[in-house]
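Input: a single structure, listed below in C-alpha cells.
The values are calculated or read from the model by the stated rules, or taken from the named source; none is laboratory data. Model, not experiment: these values are computed from the prediction. FYI the Cβ positions are ideal-geometry reconstructions off the backbone, even for glycines, and counts take in every protein chain you see.
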C-alpha cells in the first residue's frame, strides 16, 4: 500500500461539479477514487489518467444502499491508496413535492446524510478530512423540495457535529455553492437571469472558486467545522438595486 500519496474519494464524479473537483484534485497529484451511480464515469477517469498520469479507480454504487456504502468504505480503506480526503458531492434533487411525500425525504437522507456519515469510515484514524457539499439557499427555505432541503440541512448539522466529535484526528468541513451550471431546461441565458434575481453580485458562482475552496480547506489543517459559501452572496437573499 502506498499510503504516502494523497488520495481522494469523490462521490457523484461523472459530471458537473464532481467532475470538475476530480479534475482539480488530479492536477494536484491526488490518487482518485471516483464514484457515480449513472453517467460516463469511465471516460472521465480515462481522461484524468491520460492527462495527469494519476491512478484513478471507478466505483459504481447506489448510495441509497447503506450496506453497500459501508462495505465500499471498508474496502477502500483497506485497499491501495486509501483516501485521506472524502468529498461528499453526490446529490438527489427531486422535482417539487409535498412535505408529506416521504419518498424524496428518505432518498435525500440516505444519499446526503447517511452516506456522508458512513463514508467517514473510509478515512484513516488520523489526518483524514471530509468535505460535504451543501447548498447556498439552505438559509432561504422555500419548501418546494422539502426532501432535498431537510436532508441537506441535516448534512449541514452533521458537518458541525462530526467536526467536534472526530477532532483532533479527522477534520470535517463543508462548501455551500450557489448557482453554477444550467439545469435541464434552463440554458445559460436562463441561468444568468436567475442569478440576477437571486445573487447580490448579480452573477453565478464559478466552478474554479468551488475547487479553490476545496483546496483551501484541504491545505488549511487548522480549519474544521467550517462552511464556506461560494455563491456570489446568494445565501444572503436578493438585494434590490439602489
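Just a few scattered comments:
- Check on residue 150, under 21 Å from residue 237 (Cα atoms), at pLDDT 95 or above and not in a loop (DSSP other than H, G, I, E, B): yes
- Scanning region 96-106 finds no residues that are over 24 Å from residue 126 (Cβ atoms), within 18 Å of the chain's Cα centre (by Cα) and surrounded by 13 or more Cβ atoms within 10 Å (Cβ to Cβ).
- The criterion of being in a loop (DSSP other than H, G, I, E, B), within 18 Å of the chain's Cα centre (by Cα), at pLDDT below 95 and buried (at least 21 other Cβ atoms within 10 Å of the Cβ) does not hold for residue 232.
- Qualifying residue in region 129-141 (condition: without any contact (Cβ under 8 Å) to a residue 24 or more places away in the chain and surrounded by fewer than 24 Cβ atoms within 10 Å (Cβ to Cβ)): yes
- For residue 92, the conditions (1) at pLDDT 95 or above; (2) in contact with a helix residue (DSSP H, G or I) (Cβ under 7 Å, 6 or more places away or on another chain) all hold with the exception of (1).
- So residue 122, is it in contact (Cβ under 8 Å) with a residue 12 or more places away in the chain, surrounded by 23 or more Cβ atoms within 10 Å (Cβ to Cβ), under 23 Å from residue 62 (Cα atoms) and touching a helix residue (DSSP H, G or I) at 6+ places or on another chain (Cβ under 6 Å): yes
- All of 105, 63, 48 fail the test of being in contact with a helix residue (DSSP H, G or I) (Cβ under 6 Å, 6 or more places away or on another chain) and in a loop (DSSP other than H, G, I, E, B), apart from 63.
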